[in-house]
Amino acid sequence: MVNLKDISSVGVGTYRMNVDNEIHFQAIKTAVEAGYNLIDTATNYQKGKSEELIGHFLKKYPEFAGKLFIISKAGYFPPQTLQSSDFVNYVNQKAIEKAEIEADFAYSLDPNFIAYQLESSLKKIGREYLDAYLLHNPERLFQSKNLASTTYLYQAIERAFKFLEKKVVEGKIRYYGISSGALFDPSKEESIDFEKLLSMVKSIQENHHFKVVQFPFNFKEQAALQKNYDQQSLLDLIHKNGLIAIGNRPLNMNDNGMEFRLVTHEKSLEAWKEEDAQNCLNDLLTQVESRIKTLTNGNSSSDDFEPMVLLKKHYTHFYAAEAVETFFQKHLLPFLQLIYEEETSLIEDVVQTVKDHATCYAHKNQTTKTKAFLKQEDIPLKSNSVLTACDAYLNHFHLNHILVGLRKPQYVMALEGAFTKLM
Ligand SMILES: NC(=O)c1ccc[n+]([C@@H]2O[C@H](COP(=O)([O-])OP(=O)(O)OC[C@H]3O[C@@H](n4cnc5c(N)ncnc54)[C@H](OP(=O)(O)O)[C@@H]3O)[C@@H](O)[C@H]2O)c1
């Protein structure tokens, strides 16, 4: 078992990692072998396939099972498509209390629900215990149509904490805690009073196992540092009470309503030439233009079709690889399939190359924006922005741990072996 003081400063955040993706498996392997022993997941990440990825890894490499500090979280009710008949029967039989938020979107801190989720997490991860189990964004209760009230929120949290103390005694978890974007932050309507949580756990048990506090932290989101009530910040309270502070979403920032990711991509762009990107786009446009002319006897051009107009407009302006993927999947590919029908293979290669170039543009734009941001904030750039950010959050702002979405082996390598623990 990993002692709290032996957890690596950086951990693997698996929000975007999935058992079906071999690269994600390799990323976990690379990270663990490099000495990152903290892994964060949740019952709802990737519809449960993030927990399955960790289970798959431990099945293949059981020697690491006792050498990792694994955190999971519960609270989100599974959507109907993921509910087994067993689960539905259990919910009915136990009359589980749930907060209805939207159609097919509910939340619950009912101990019977957490019990079910915990057993499912243990099964998927394939271990007898978890190192920490967290209540996942309890502030969601405020959005509910049937159960939104401050009194209910604290009652539900207290019941859940009491239940989790029992699970510690049973050996199913070692510690418990909370993951939330609304802790001790009076600027938020749904703020959760952290001092109240502290007195709650102390009254449940002097020697409690409430140890882990997770919250968003990056150069733009620093509510955890704000001195609030009695001139204390969330981080002050965490440190003063011997808890551990874990920052999440370290690179995903919100800059005046604009989401952007603090990443630089110099290495992957070294061999990329913008001229090739333009030639490749022109090649695709020429082919599609000719196809449209043939199909419409010369009466239409590509400018009459929105996906083609959008491609020309956004090709050089994407800001994230995910946006490129969404545009191709939702707009461009369905249109091309429509006009090429059985002959899509004619343009498959050029479309893939255009997509790769669009991704390079997105990476170039991210790099430019990240550098401009760091310059404007007067933050010196180390060999890359991830190292820069982790170093600042840990050594300047004194968080105990940072979760990074290390979903590719090269993302692990970019940390250059820093922030690890030897196993
Ligand atoms: N997101 C949330 O709302 C949230 C909430 C609670 C907890 N958490 C926890 O915190 C963890 C971290 O947050 P996050 O996954 O949202 O993202 P993050 O660590 O802030 O950003 C990771 C993303 O940045 C990009 N990237 C580019 N170069 C990178 C590099 N060298 N190293 C790492 N990333 C690089 C990757 O995007 P591409 O691969 O797409 O290029 C990667 O998916 C989560 O996985 C989860 O465990 C997250």
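The values are calculated or read from the model by the stated rules, or taken from the named source; none is laboratory data. Keep in mind that this is a model prediction, so the values were computed, not measured. Note that each Cβ is placed from the backbone with ideal geometry, even for glycine, and that neighbours are counted across all protein chains shown. Ligands, DNA and RNA are excluded from the accessible area calculation, which covers all protein heavy atoms including side chains. Shrake-Rupley method; radii C 1.70, N 1.55, O 1.52, S 1.80 Å.
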For region 327-383: of the residues being touching a residue at least 60 places away in the same chain (Cβ under 8 Å) and closer than 30 Å to Asn297 by Cα, which is farthest from the chain's Cα centre (by Cα)? Ile347
Looking only at region 202-220, how many residues end up being under 25 Å from Leu403 (Cα atoms) and either surrounded by fewer than 18 Cβ atoms within 10 Å (Cβ to Cβ) or away from the ligand (no atom under 15 Å from the Cβ) (or both)? 5
Take residues that are buried (at least 18 other Cβ atoms within 10 Å of the Cβ) and tell me which of the helices (runs of 4 or more DSSP H) falling wholly in region 1-106 contain 2 or more. 22-34, 49-60
Quick one: would you say Lys47 is within 16 Å of the ligand (Cβ to nearest atom), assigned by TED's automatic domain parsing to the domain that holds Val12, touching a residue at least 60 places away in the same chain (Cβ under 8 Å) and more than 16 Å from Phe25 (Cβ to Cβ)? no
Would you please list the contacts, defined by Cβ atoms under 6 Å and residues six or more apart or on different chains, that run from a residue in region 396-423 that is over 14 Å from Ile28 (Cα atoms) to a residue that is of a type in the set (Lys, Arg)? Met423/Lys67
Set Leu68, Leu58: member being more than 16 Å from the ligand (Cβ to nearest atom) and among the hydrophobic types (A, V, I, L, M, F, W, C): Leu58
Hey, can you tell me all the residues within region 145-198 that are touching a strand residue (DSSP E or B) at 6+ places or on another chain (Cβ under 9 Å) and among the polar types (S, T, N, Q)? Asn146, Ser179, Ser180, Ser191
Hey, among the residues in region 375-423 that are at positive phi and of a type outside the set (A, V, I, L, M, F, W, C), which one's nearest to the ligand (Cβ to nearest atom)? Glu416
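Yes/no per residue for (1) open to solvent by 30 Å² or more (accessible area, probe 1.4 Å); (2) touching a residue at least 24 places away in the same chain (Cβ under 8 Å); (3) within 16 Å of the ligand (Cβ to nearest atom); (4) on the phi < 0 side of the Ramachandran plot:
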residue	(1), (2), (3), (4)
Gln231	yes, no, no, no
Asn254	yes, yes, yes, yes
Gln278	yes, no, no, yes
Leu284	no, yes, no, yes
Only one of these conditions is not met by Leu134: (1) over 30 Å from Asn37 (Cβ atoms); (2) in contact with a Ser or Thr (Cβ under 9 Å, 6 or more places away or on another chain). Which number is it? (1)
Consider only pairs whose beta carbons are under 9 Å apart and that are at least six residues apart or on different chains; among these, list those whose first residue lies in region 202-228 and is basic (Lys, Arg) and whose second residue is open to solvent by 50 Å² or more (accessible area, probe 1.4 Å) and within 16 Å of the ligand (Cβ to nearest atom). Lys220/Asn254
If you take the residues in region 164-180 that are open to solvent by less than 30 Å² (accessible area, probe 1.4 Å) and not charged (D, E, K, R), which one is farthest from the ligand (Cβ to nearest atom)? Val168
Candidates Leu235, Leu243, Leu262, filtered to the one that is touching a strand residue (DSSP E or B) at 6+ places or on another chain (Cβ under 7 Å) and within 16 Å of the ligand (Cβ to nearest atom): Leu262
Region 367-402 - residue that is open to solvent by 40 Å² or more (accessible area, probe 1.4 Å) and among the hydroxyl-bearing types (Ser, Thr, Tyr) and, of those, modelled with the highest pLDDT: Thr368
